[in-house]
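So the structure is just underneath, and the comments pick up after that.
The values are calculated or read from the model by the stated rules, or taken from the named source; none is laboratory data. Every value quoted in this text rests on a predicted model; they were computed, and no experiment measured them. Counting neighbours? That spans all protein chains shown, and the Cβs are built from the backbone with ideal geometry, glycine included.
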Amino acid sequence: MLAGAPSSHMSSSVSTSQGIFPTSRIGSGESPNSGASSFTQPIADMNENDETDLLSISWNQDYGCFAAGTSHGFRIYNCEPCKETFRRDLKSGGFKIVEMLFRCNILALVGAVANSHYPPNKVLIWDDHQSRCIGEFTFRSDVRGVKLRRDRIVVVLEHKIYVYNFTDLKLLHQIETLANPRGLCCLSHHSNTFVLACPGLHKGHVRVEHFGLNVTKLINAHDSQIACFTLTLDGLLLATASVKGTLIRIFNTMDGSRLQEVRRGVDRAEINSIALSPNVQWLAASSDRGTVHVFSLRVRVSGEDSLTQPNAFQGPALFHQNSSSSLDPLISPNTGANPNSSLSFMRGVLPKYFSSEWSFAQFHLPEYTHFIVAFGSQNSVIIVGMDGRIESLERICPLGGVRLSTSMLPK
């Protein structure tokens, strides 16, 4: 159910200040004009001998930074070069969710179970420049995820998603979903498009909301339950994987058509993350099998606000038109970058996986460790693990080499 106004039965309450203006960058001399009260549990340096557990890792919207929630607070890291930007430790405990807003001073925080002051059913909008909480959301059940845009705050519960206006924290939309314990939800991040993808009400379905066009699209992505998905920055393409973890599918979010299907493998695996390169030339996926697979995409998209990305890739072009209603996705000729089985000529006779598109590059990591992936600059894939490991797959190219650099996050 999608509603445009708060319901009298809504399961949340909001505490806000005079307003939120997410404009300042972390570390800058600017400060949002907010009159909220300060954090009631002071930030303090912990004893260096105290053991710190890593609870979560999440990228910012342009994948230039990532946030780590720890048992004592949170830390922010720059990706290239990899270095810790800053950390905050609380006496009351840590955070299971830390969501950045690009590189500005505003973050969304959700406390871990062991946090004595900020429980897991509360979302804090935290201004790190002023070291104060400038807004709170309290719910009747635990928060499963939080996503931020410059103009919206999205809170994910197990069966419902709330969309709030960033400036005044007004509730704008409510979306009901199938049970969503993973907190699956993703947003577009171009300023002129607002696309939200979340689980639908039926197994294997993804619901896509084009809020600017007032269009809802239900995509029957898989027969099994959805395990992971992601959008391109403009929201025009959706990549999905099911709990089987064998296939990854790419869809046009405007008409729901399937554009491409690639195969991770034939054995069941848990897909931990999927990343699409900014120019939509490559897709990377990590799994609990200890592998990161890189696939070549053969998708060309025409649509509104597909911004040109300056990069070193020479991949499929993104053509631009003036209206999303004239979106015309095309499949470009297969370049052969994703190898097919040598028995693919017997398509329709042998099982389907003999004709599948396979990854052109794989990288092996420790099994059963949760890794998340993103595309960095200079033709690289960045991999960060819950074991504190950060990897960089450099010079990703079907015809080139792959070089690995490894470092560990600071303790």
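Listing for the model above:
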| quantity | calculated |
| --- | --- |
| Strands (runs of 3 or more DSSP E) fully within region 138-222 counting 3 or more residues that are within 16 Å of L238 (Cβ to Cβ) | 195-199, 205-210, 215-220 |
| Hits in region 180-211 - residues which are basic (K, R) and surrounded by fewer than 21 Cβ atoms within 10 Å (Cβ to Cβ) | R182, K203 |
| Flag for Y77 being among the hydroxyl-bearing types (S, T, Y) and either touching a Lys or Arg at 6+ places or on another chain (Cβ under 8 Å) or part of a strand (DSSP E or B) (or both) | yes |
| Some residue of region 98-114 being of a type in the set (D, E, K, R) and over 23 Å from H189 (Cα atoms) | no |
| Given (1) in a loop (DSSP other than H, G, I, E, B); (2) of a type in the set (F, W, Y); (3) modelled with pLDDT of 90 or more, number of the condition F313 does not satisfy | (3) |
| Total residues in region 83-100, condition not in a strand (DSSP E or B) and not basic (K, R) | 3 |
| Flag for T193 being in the same structural domain as A269 (by TED's automatic domain parsing), modelled with pLDDT of 95 or more and not aliphatic (A, V, I, L, M) | no |
| Listing of strands (runs of 3 or more DSSP E) fully contained in region 234-273 that carry 1 or more residues being within 15 Å of the chain's Cα centre (by Cα) | 237-242 |
| Subset of region 155-168 [modelled with pLDDT of 95 or more and either of a type in the set (F, W, Y) or over 19 Å from V195 (Cα atoms) (or both)] | E158, H159, Y162, Y164 |
| Residue among R144, R140, R150, R132 that alone is surrounded by fewer than 20 Cβ atoms within 10 Å (Cβ to Cβ) and under 20 Å from the mean Cα position of the chain (by Cα) | R150 |
| Members of region 213-256 that are in contact (Cβ under 8 Å) with a residue 24 or more places away in the chain and on the phi > 0 side of the Ramachandran plot | G235, G245, G256 |
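Here's the yes/no breakdown for (1) within 17 Å of A197 (Cβ to Cβ); (2) crowded, with 24+ Cβ neighbours inside 10 Å; (3) at pLDDT below 85; (4) among the aromatic types (F, W, Y):
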position: L213; (1), (2), (3), (4): yes, no, no, no
position: N220; (1), (2), (3), (4): yes, no, no, no
position: D288; (1), (2), (3), (4): no, no, no, no
position: V292; (1), (2), (3), (4): no, yes, no, no
position: L307; (1), (2), (3), (4): no, no, yes, no
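Per-residue answers, yes or no, for (1) β-branched (V, I, T); (2) surrounded by 17 or more Cβ atoms within 10 Å (Cβ to Cβ); (3) free of Cβ contacts under 8 Å to residues at least 24 places away in the same chain:
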position: S58; (1), (2), (3): no, yes, no
position: I76; (1), (2), (3): yes, yes, no
position: C79; (1), (2), (3): no, yes, no
position: K83; (1), (2), (3): no, no, yes
position: F86; (1), (2), (3): no, no, no
position: D89; (1), (2), (3): no, yes, no
position: F95; (1), (2), (3): no, yes, no
